[in-house]
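Visitor: Sharing a structure below in structure tokens format, with a few things to ask.
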């Protein structure tokens, strides 16, 4: 009887262990996310910083967490392959700038909201989605941070990287992809880049 | 039998140490970013399915585009300045209460559409909210149902109900002053209006407004009040748009799909 009990114990221990492995990965992503958010909030609350300095500090915190380069590629989809390498570089730089600006302008309207992780989903081995709530005084905004794990780690980047953000169910990447595609149906990539420079 | 246990132990320990060494080793293999970018094509393929964007059915794109410009002009030159003045005159708390008052009035629409989709728990919660907020919350100006009782609002309209039963969105239509919509949601405005106490037609039950003038007046207050609280949102959306019309169109359709899914 004792041995059977032992076996059951071992098997269940194994099961718990393998389950916690997946959970550990998720916890790591969540923990890193929350520390980064705390860092950003500290920067935002530091009134001694100039706006420019503040934005630069925030970007420094967030850069290892986001794969802006991948986002730039995905936002163009198949069209990406038709660009020569110089245009590709130029486009990535413009897109990164666009993301940074967009984020900074959102930070401007920060008003003591709190960030809470509601749910963690792992649809695939190399994909994790953090479902978060941005809780304001009156209403909360659901924001999903979608992470992927690159096959090879990228230097100076986290192991898991954000490649898309969904705000109230709207993927910023998909929205960009759609509008770029429509724009490029009648205009050239150079015109698109000119518009991005102006923004 | 003891041996079997031992084997399990060995497995456990090995499995464990294997994991540890793996997680320690991982960050020790820095890869130059140049190498990664050569994998760009793989990456594109890997994400291709996930990133597939549903093409919005848009046979009226010409009309929609000009209506979007009209709405944007109306917003920039009429609503925005008025809302800015209004914002200057009334404290944020007052404006938030006005918004809550209107939100509370739309209770019949939410409760019926929740019920039509079989979400009876949500309907019950909405009813609880309406009773509490209309009384303790003084005609809906405050929201004690949420802050004191933890009752959440459940936004549902007839467009979502139709979508819930599988109706497609139909062609995209931009409505004057209202903004992006589609055939399904435009048709749904009518049944929803019957469940709304702000109207101008003859009704056998109580409504807040009776004549067209009253209706337009009340609607304008609601709109301006809403704009005064949400101006920055639209301004930011506009900043992110390369081309305003298709951007708003796609955001709207994605947003509605998500709402229907929930």
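The values are calculated or read from the model by the stated rules, or taken from the named source; none is laboratory data. This one's a predicted model, so the numbers in the text were calculated from it and none came from an experiment. For neighbour counting, all protein chains shown are included, and Cβ atoms are generated from backbone atoms with ideal geometry for every residue, glycine included.
Visitor: Within the range B:224-240, take every residue that is over 18 Å from the mean Cα position of the chain (by Cα) and closer than 20 Å to residue B:176 by Cβ and give me the one that is nearest to the other protein chains (Cβ to nearest Cβ).
Guide: The residue in question is B:225.
Visitor: For the range A:158-167, does any single residue satisfy the condition of being in contact with a helix residue (DSSP H, G or I) (Cβ under 6 Å, 6 or more places away or on another chain) and facing chain B (nearest Cβ under 7 Å)?
Guide: no
Visitor: Oh, and also: Out of the residues in the range B:187-246 that are in a loop (DSSP other than H, G, I, E, B) and in contact (Cβ under 8 Å) with a residue 60 or more places away in the chain, which is surrounded by the fewest Cβ atoms within 10 Å (Cβ to Cβ)?
Guide: B:208
Visitor: Given (1) away from every other protein chain (no Cβ under 11 Å); (2) within 30 Å of residue A:110 (Cα to Cα); (3) in a helix (DSSP H, G or I); (4) touching a residue at least 60 places away in the same chain (Cβ under 8 Å), where does residue B:250 come up short, assuming only one miss?
Guide: (1)
Visitor: Another one. Taking the residues in the range B:51-65 that are surrounded by 16 or more Cβ atoms within 10 Å (Cβ to Cβ) and at pLDDT below 80 as candidates, determine which candidate is farthest from residue B:254 (Cα to Cα).
Guide: B:51
Visitor: Kindly provide the set of residues from the range B:85-100 that are touching a residue at least 12 places away in the same chain (Cβ under 8 Å) and within 14 Å of another protein chain (Cβ to nearest Cβ), ordered by number.
Guide: Matches in the range B:85-100: B:92, B:95, B:96, B:97, B:98, B:99, B:100.
Here is a yes/no grid of residues against (1) touching a residue at least 60 places away in the same chain (Cβ under 8 Å); (2) out of contact with any helix residue (DSSP H, G or I) (no Cβ under 8 Å at 6 or more places or on another chain):
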residue	(1), (2)
A:32	yes, yes
A:44	yes, no
A:47	no, yes
A:54	no, no
A:64	yes, yes
A:70	yes, no
A:74	yes, no
A:89	no, yes
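Visitor: A further question on this structure: Identify all residues within the range A:147-157 that are more than 9 Å from chain B (Cβ to nearest Cβ) and either over 14 Å from residue A:25 (Cα atoms) or touching a strand residue (DSSP E or B) at 6+ places or on another chain (Cβ under 7 Å) (or both); write none if there are none.
Guide: Once the filter is applied, which keeps residues that are more than 9 Å from chain B (Cβ to nearest Cβ) and either over 14 Å from residue A:25 (Cα atoms) or touching a strand residue (DSSP E or B) at 6+ places or on another chain (Cβ under 7 Å) (or both), the range A:147-157 yields only A:147.
Visitor: Would you tally the residues in the range A:44-65 being closer than 16 Å to residue A:98 by Cα and either away from chain B (no Cβ under 14 Å) or modelled with pLDDT under 85 (or both)? Spell out the reasoning first.
Guide: Taking the range A:44-65 as the starting set, the residues that turn out to be closer than 16 Å to residue A:98 by Cα are A:52, A:55-56, A:58-60, A:62-63.
Now restrict to residues that are either away from chain B (no Cβ under 14 Å) or modelled with pLDDT under 85 (or both): A:52, A:55-56, A:58-60, A:62.
The total comes to 7.
Visitor: Which residues, taken from the range B:148-163, are in contact (Cβ under 8 Å) with a residue 60 or more places away in the chain and not in a loop (DSSP other than H, G, I, E, B)?
Guide: B:159, B:160, B:163
Visitor: Here is a follow-up. Any residue at all in the range B:39-49 that is part of a helix (DSSP H, G or I), at pLDDT below 50, in contact with a helix residue (DSSP H, G or I) (Cβ under 9 Å, 6 or more places away or on another chain) and within 8 Å of another protein chain (Cβ to nearest Cβ)?
Guide: Within the range B:39-49, none of the residues are part of a helix (DSSP H, G or I), at pLDDT below 50, in contact with a helix residue (DSSP H, G or I) (Cβ under 9 Å, 6 or more places away or on another chain) and within 8 Å of another protein chain (Cβ to nearest Cβ).
Visitor: For the range B:129-142, what are the residues that are in a loop (DSSP other than H, G, I, E, B) and surrounded by 21 or more Cβ atoms within 10 Å (Cβ to Cβ)?
Guide: Residues satisfying the conditions are B:137, B:140.
Visitor: Okay, next question. Counting only residues that are within 30 Å of residue B:143 (Cα to Cα) and at pLDDT below 90, give me the strands (runs of 3 or more DSSP E) lying completely in the range A:80-199 with at least 3 of them.
Guide: A:114-124, A:127-135, A:140-148
Visitor: Scan the range A:65-73 and tell me whether some residue there is within 15 Å of the chain's Cα centre (by Cα), part of a strand (DSSP E or B) and over 30 Å from residue B:142 (Cα atoms).
Guide: There is at least one residue in the range A:65-73 that is within 15 Å of the chain's Cα centre (by Cα), part of a strand (DSSP E or B) and over 30 Å from residue B:142 (Cα atoms).
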